[in-house]
Amino acid sequence: MLRILDAAQCGVTYEHIEVGEKVYLHGNSSGIPAEAWDILRKNPVFLKGPITTPQGSGYKSLNVTIRKTLGLFANVRPCRSYHPFVKTMHPEMDVVVVRENEEDLYAGIEHRQTTDVFQCLKVLSLPGTEKIIRYAFEYAHINGRKKLTCLVKDNIMKVTDGMFADMFRRVGKEYPGHPAGGPDHRHRYGAGGHPAGSLRCDRHAQPLRRHH
């Protein structure tokens, strides 16, 4: 990445920090030295290579630590086809995946209930859920995206994913012109047999128009 930026003569300067496995193995259980936080906070961009968290107990995931410390709650991943320059089975692909980075299983709360049973808690909050959903709607609005899809499993996780789905519909009302996505839409299907406006079946498509 740095070689590409240098070759493009972008005029970018870098400050390098050492994080990850080497720092862990020097006795720092967080995987990042204290002075590195100051560098991260003063720079608007953090180019990060793969970070290895040593196996075993006593080591916290540095990726999750950085996300929670700096408030990096949204993981935004554009997926776009470069057809015909790159051969692909999906030449028209142009989607952006927005994923919540701090809550859900990233809470990292685990228990051993019995000798044979282990438990990992799925933790969602109303403020965190609303924040990521509003981010997705605003991203779509600012970037001219016409449809927003919410993926949930609320037919099984009725409380947690059910709350997420309800929040998606609630925030979506501020962007008029989309289907309500409530129970009345659970048996409607669009082209190709995919559910249209059906959160129950893991997807919910909403055309976007910002309400002013």
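For the stretch 153-196, the tally of residues that are modelled with pLDDT under 90, part of a loop (DSSP other than H, G, I, E, B) and among the hydrophobic types (A, V, I, L, M, F, W, C) stands at 2. Here is the figure for the stretch 134-162: residues that are in contact with a Gly (Cβ under 8 Å, 6 or more places away or on another chain) and either aromatic (Phe, Trp, Tyr) or exposed (fewer than 13 other Cβ atoms within 10 Å of the Cβ) (or both) total 1.
Quick one: which residue in PRO50, PRO78 is farther than 13 Å from ILE17 by Cβ, loosely packed, with under 12 Cβ neighbours inside 10 Å and assigned by TED's automatic domain parsing to the domain that holds PHE137? Talk me through it step by step, then tell me what you get.
Details: PRO50 fails: assigned by TED's automatic domain parsing to the domain that holds PHE137.
Residue meeting the stated conditions: PRO78.
Of all residues in the stretch 1-20, those being part of a helix (DSSP H, G or I), surrounded by fewer than 11 Cβ atoms within 10 Å (Cβ to Cβ) and charged (D, E, K, R) number 1. Residue pairs whose Cβ atoms lie under 6 Å apart, sitting 6 or more positions apart in sequence or on different chains, and linking a residue in the stretch 4-16 that is at negative phi to a partner that is in a loop (DSSP other than H, G, I, E, B) and surrounded by 10 or more Cβ atoms within 10 Å (Cβ to Cβ), are LEU5/VAL12.
The values are calculated or read from the model by the stated rules, or taken from the named source; none is laboratory data. Just so we're clear, the structure is a prediction, and the values are computed from it rather than from any experiment. So basically every Cβ, Gly included, is an ideal-geometry build from the backbone, and we count neighbours across all protein chains shown.
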